[in-house]
């Protein structure tokens, strides 16, 4: 008998075997969220900042990127700009505690001026799981 985490299908897609990249500069938030995602059956790699995330994106394929916007040095907007400029087929879910006006200013830095789905911190974990599954199944832009 398979566990629920190892046999989840959304839109005919098995989302439980997906490789996620979680990028957040807060060690507490990153490790806690990574643990919850692993318990759901996801394979999770962690990046502590935008520079590390870009290096990881260059080195291996990911099914989804969970991305904090506010980080030192290369922030989430910098990572998004890299993904968009290079035409990388990588679904992204943005996690942010930034005020809406600062998010709007950052969108102008993006090549296509579009922000992926955004979840505001503190994150509702059940909502995050639903958004991840919909993104992986291609049912959410």
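The values are calculated or read from the model by the stated rules, or taken from the named source; none is laboratory data. Here the structure is a predicted model, which is why all the values come from computation and not from measurement. Quick reminder, even Gly has a Cβ in these numbers, built from the backbone with ideal geometry, and neighbours come from all protein chains shown.
Evaluation of residue 74 against the conditions (1) out of contact with any helix residue (DSSP H, G or I) (no Cβ under 8 Å at 6 or more places or on another chain); (2) modelled with pLDDT of 95 or more; (3) over 16 Å from residue 20 (Cβ atoms) shows that the sole unmet condition is (1). Scanning region 1-28 for residues that are surrounded by fewer than 20 Cβ atoms within 10 Å (Cβ to Cβ) and modelled with pLDDT of 95 or more gives 19, 25, 26, 27, 28.
This table checks each residue for (1) more than 18 Å from residue 33 (Cα to Cα); (2) assigned to a helix (DSSP H, G or I); (3) more than 12 Å from the chain's Cα centre (by Cα); (4) without any contact (Cβ under 8 Å) to a residue 40 or more places away in the chain.
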residue: 81; (1), (2), (3), (4): yes, yes, yes, yes
residue: 87; (1), (2), (3), (4): yes, no, yes, yes
residue: 95; (1), (2), (3), (4): no, no, no, no
residue: 103; (1), (2), (3), (4): yes, yes, yes, yes
residue: 106; (1), (2), (3), (4): yes, yes, yes, yes
residue: 114; (1), (2), (3), (4): yes, no, yes, yes
residue: 126; (1), (2), (3), (4): no, yes, yes, yes
residue: 129; (1), (2), (3), (4): no, yes, no, no
residue: 141; (1), (2), (3), (4): yes, no, yes, yes
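Criterion applied to 91, 99, 61 was being touching a residue at least 12 places away in the same chain (Cβ under 8 Å) and surrounded by fewer than 17 Cβ atoms within 10 Å (Cβ to Cβ), and the one residue passing it is 61.
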